[in-house]
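The values are calculated or read from the model by the stated rules, or taken from the named source; none is laboratory data. Keep in mind that what you see is a predicted model, and the values were worked out from it rather than measured. Using ideal geometry, Cβ is built from the backbone for each residue, glycine included, and neighbour counts are taken over all protein chains shown. Only protein heavy atoms, including side chains, enter the accessible area calculation; ligands, DNA and RNA are left aside. Shrake-Rupley method; radii C 1.70, N 1.55, O 1.52, S 1.80 Å.
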Amino acid sequence: LKLKPCTLDPYAPRHQPRTAMTTSSVWDPSSANFEMKRKASYSLFSLSEPSARPCPVTDEESQGKHDKLWKLMQHYKANDTDSIQRDVVSKVEYSLACTRFSFSKEDAYRAASLAVRDRLLESFNDTNSWYAQQDVKRAYYLSAEYLLGRAFQNALVNLDLEPAFKDALMGLGFEMEELYPFEADPGLGNGGLGRLAACFLDSMATLSLPCWGYGIRYKYGIFKQHIVDGRQVEKPDYWLAKPVPWEIPRPDVTYPVRFGGRVEDYSDEKGRWRQRWVGGEIIQAMAYDNPIPGFDTFNTNNLRLWRALPSEEFDFAAFNDFRYADAVDNRRKAEDLSAVLYPNDDERAGKVLRLKQQYFFVSASLQDLLRDFLQKPGRKWSELPNKVAVQMNDTHPTMAVVEMMRLLVDVQEVPWGEAWELTKKTCNYTNHTVMPEALEKWPVEMMEEYLPRHLQIVGEINKRFIEELTKMYGDDPRVRGLSLFQEEPFKGIRMGNLAVLGSNKVNGVAALHTEIVKKETFADFYQYFCDKGEKEKFVNMTNGVTPRRWVHCANRPLSDIFTKYLGTQKWLTDMELLKQMVKKKDDPTLQREWMAAKQQAKQKLVDFLKEENILDADVNSLFDCQFKRIHEYKRQLLNCFYIIHRYLMIKQASPSDRAKFQKRTTLFGGKAAPAYVNAKTIIKLVGNLSKVINNDPDVSPYLKVAFVPNYSVSVAQNIVPASDISEHISTAGTEASGTSNMKFVMNGGLIIGTMDGANIEIREEGGDDTMFIFGCLETDVPIIKQAAQAGNYPIDPQMQRVFNAIRKGQF
């Protein structure tokens, strides 16, 4: 069955232009309040806005004019082997301009991807038509990161096309699995935050929830990590070097985003005093759509990513004056905004770029979703919270609170009080970390220079908030802590405070983390809302990952075992069904099949490590994995200390005693922020360990160490299924949740961990025997820190031995 197609709009573009470019800006910086009007709303001849949009003609007037068109578009692509083969060959000849004499495996991947995309777009268009027809409430997920992974296999699985395409490609002489590596892995995130966002999009589509994601189409991703002499070296990750068949350029969906300028007073047509933001520079935000298919559903949602483009592509006057660099300077400056994820912000210029990045994608996204909200005739602003929910993924998109107010008050002329209530009921905030550096604070002087109107709005929100607090608490010290502004170490805006105040719900991402958010991170805010009778504002929503990607795609032998013994694939959307496997755990046949699947995964990893010239590993060794962002609180350094301890133990043992040691291969992976010196030093230490240990003939048969460079979703799909044990050893109370722990454990790996983040809930679900727990509890940490500061910090002799080995230069 398919979704019933809605009546098509004759004026709605069905086929995207071939070019991914957009034209020069139509917005005059000296004007104001033109937001929420797409470039397509303006005449390309006069650059003026038409007095009215053209409306589709009625059925009576058209009198069958488009009947043939509608009839042809009612049919869907056939999914039998012959039809798929014809589609693929058609793409080879007509889309790629290849012949049978110039046709490679990469061409086969591109042709097959385009054939899958055709079917994906059928579902995508049907879904969007259905949402519009039903006028559903829409959710919008705003995130600076998305680690999507490769789309080809995921689309085949979710659309239930994998067997048909596999047979079709085999009939054309290609093994489908051989084509997967030709797809670029988009580097649009760094670690759990971005992968969580991608898993959420997959799950929301699978649950048939009307939800779109919004983010930035980073041209160079975060960076491609190379290891040179054991040190991390960052190179551009140009994932767009070859055509990406999964994205849809939308030059017709382009919005203006302003920076700089000034705020001026004026009287509107009714004589009311108002303020408007004028001047400065205009950057164009052009949309690129990435369809997100759900599993076992007709639903295909969307991830809309924004590309930054200049208001003027080319300065002819500068070029004719021989100032060639100046002629394209505007383009360079604009494209900096969507060039790299998390630019180095050690200097002011980097901080400015990050502020502009965050505002850029927030503004474009809110303009787009509010414009969509207004598409229904007769829409009232009072309906907004019942039709729109905006979810801010961490503090990067929290400028959405202020931008929502600006668009409502300045552009749509909604009264302040009503706009503030609508904003608070529409926005929601997910806090992902207790690390102070993640709760961003923007300097007032920077806001005044680049976002002057937003600074005024924050000031007005804070003024009214402080007045309310003073009535409630008088001259209480808490008032200063609750303020949206800080005075030290610099005068700035506390974006975390703004997000909490301007949201309907605030959630942590694990049970322990949510309690820390309420008792420590935002303790005064939690008390304030409790005093107001809004205790339910703070809620827990433990993170999760999708089993479709992390078991079914990454570890098909294990997926097949689950399906065989459960008699259904429904566990892929309801993992509660896996509990039935416990009843069968003593079945010797299941045990043999389980171990065979693990051995197959380990062999696949051994082959990967060898092909990439990383390590010649023993498939029968125990694989000990720690793959996550490199950060001191995640304690890769502690793992290094243990490796040194184990090395020293093996080294001093007699040959007969060494043979009693369990063979172990320890693998690290993850990226360090370019300016994070300590994290990059940890990577260097891992490199030194691998150099010493792997070349020691006494130790290397029993212990090997390697750092796997450029960790990504695709690399993880080789690592995760093969893990015997994985390390999740952050100091209790520092890891908000973690998601790599979930990926490893759902593939049958055991966890070495602390009582932190989601480890606690995984242990509750899986049982004490599935996890090796060590270390102090979160409540013990302050006591230990206090004792250490007082000079009472005893060091275990075994640990002291490790320190001495490092000091002597052994590593």
* Options K505, K518, K570; residue that is within 30 Å of T589 (Cα to Cα), open to solvent by 20 Å² or more (accessible area, probe 1.4 Å) and touching a helix residue (DSSP H, G or I) at 6+ places or on another chain (Cβ under 9 Å) -> K570
* To do: Just need a number here: residues in the range 575-595 that are among the aliphatic types (A, V, I, L, M), surrounded by 12 or more Cβ atoms within 10 Å (Cβ to Cβ) and more than 29 Å from the chain's Cα centre (by Cα).
  => 2
* Looking at the range 644-687, which of its residues are polar (S, T, N, Q) and within 30 Å of G350 (Cβ to Cβ)? -> N678, T681
* Odd one out for P310 among (1) at pLDDT 95 or above; (2) surrounded by 21 or more Cβ atoms within 10 Å (Cβ to Cβ); (3) touching a helix residue (DSSP H, G or I) at 6+ places or on another chain (Cβ under 8 Å) -> (1)
* Asked: For the range 233-291, which residues satisfy the criterion of being acidic (D, E), within 29 Å of N125 (Cα to Cα) and open to solvent by 40 Å² or more (accessible area, probe 1.4 Å)?
  -> D252
* In this structure, does N804 turn out to be open to solvent by 60 Å² or more (accessible area, probe 1.4 Å), assigned to a loop (DSSP other than H, G, I, E, B) and polar (S, T, N, Q)? -> no
* Based on what the data block shows, is D296 at positive phi, out of contact with any Lys or Arg (no Cβ under 8 Å at 6 or more places or on another chain) and of a type in the set (D, E, K, R)? -> yes
* So which of R406, R379 is among the basic types (K, R), in contact with a helix residue (DSSP H, G or I) (Cβ under 9 Å, 6 or more places away or on another chain) and without any contact (Cβ under 8 Å) to a residue 60 or more places away in the chain? -> R379
* Specify the residue that is farthest from I806 (Cα to Cα); the eligible residues are those in the range 716-730 that are open to solvent by less than 20 Å² (accessible area, probe 1.4 Å) and outside any strand (DSSP E or B). => P721
* So which of A364, A419 ends up being closer than 21 Å to W212 by Cβ and open to solvent by less than 50 Å² (accessible area, probe 1.4 Å)? -> A364
* Structure fact -> The residue that is nearest to the chain's Cα centre (by Cα), considering only those in the range 304-362 that are part of a helix (DSSP H, G or I), of a type in the set (A, V, I, L, M) and under 26 Å from I248 (Cα atoms), is V362
* To do: Please go through the range 686-713 and pick out each residue that is in contact with a helix residue (DSSP H, G or I) (Cβ under 8 Å, 6 or more places away or on another chain) and small (G, A, S).
  => S700, A706
* What number of residues within the range 524-543 satisfy the criterion of being closer than 22 Å to M399 by Cα, open to solvent by 20 Å² or more (accessible area, probe 1.4 Å) and either of a type outside the set (A, V, I, L, M, F, W, C) or free of Cβ contacts under 8 Å to residues at least 24 places away in the same chain (or both)? -> 2
* With the checklist (1) buried (at least 23 other Cβ atoms within 10 Å of the Cβ); (2) farther than 15 Å from T430 by Cα in hand, flag the one item S203 doesn't pass. => (1)
* Asked: Restricting the first residue to the range 257-284 and requiring it to be at positive phi and of a type outside the set (A, V, I, L, M), which pairs with a second residue that is in a strand (DSSP E or B) and loosely packed, with under 15 Cβ neighbours inside 10 Å meet a Cβ separation below 7 Å and a spacing of at least six or different chains?
  -> G279/R262
* **Elements of type helices (runs of 4 or more DSSP H) contained in the range 440-518, each with 2 or more residues being in contact with a Ser or Thr (Cβ under 8 Å, 6 or more places away or on another chain), touching a residue at least 40 places away in the same chain (Cβ under 8 Å) and not aromatic (F, W, Y)** => 495-501, 511-516
* Structure fact -> A careful count of residues in the range 647-665 that are surrounded by fewer than 21 Cβ atoms within 10 Å (Cβ to Cβ) and in contact with a Ser or Thr (Cβ under 9 Å, 6 or more places away or on another chain) gives 3
* Keeping to the range 533-579, report how many residues are among the aromatic types (F, W, Y) and either touching a Lys or Arg at 6+ places or on another chain (Cβ under 8 Å) or more than 21 Å from I762 (Cβ to Cβ) (or both). => 3
* **Criterion violated by G378 - all others in (1) open to solvent by 10 Å² or more (accessible area, probe 1.4 Å); (2) out of contact with any strand residue (DSSP E or B) (no Cβ under 6 Å at 6 or more places or on another chain); (3) part of a helix (DSSP H, G or I) satisfied** => (3)
* Residue selected from the range 382-396 under the condition in contact (Cβ under 8 Å) with a residue 60 or more places away in the chain and open to solvent by 40 Å² or more (accessible area, probe 1.4 Å), by the criterion nearest to T521 (Cα to Cα) -> Q391
* **In the range 422-472, the residues that are more than 29 Å from the chain's Cα centre (by Cα), over 22 Å from E281 (Cβ atoms) and not polar (S, T, N, Q)** => G459, E460, I461, K463, R464, F465, I466, E467, E468, L469, K471, M472
* Scanning for something crowded, with 23+ Cβ neighbours inside 10 Å and under 30 Å from V116 (Cβ atoms), does the range 321-337 turn up at least one residue? -> no
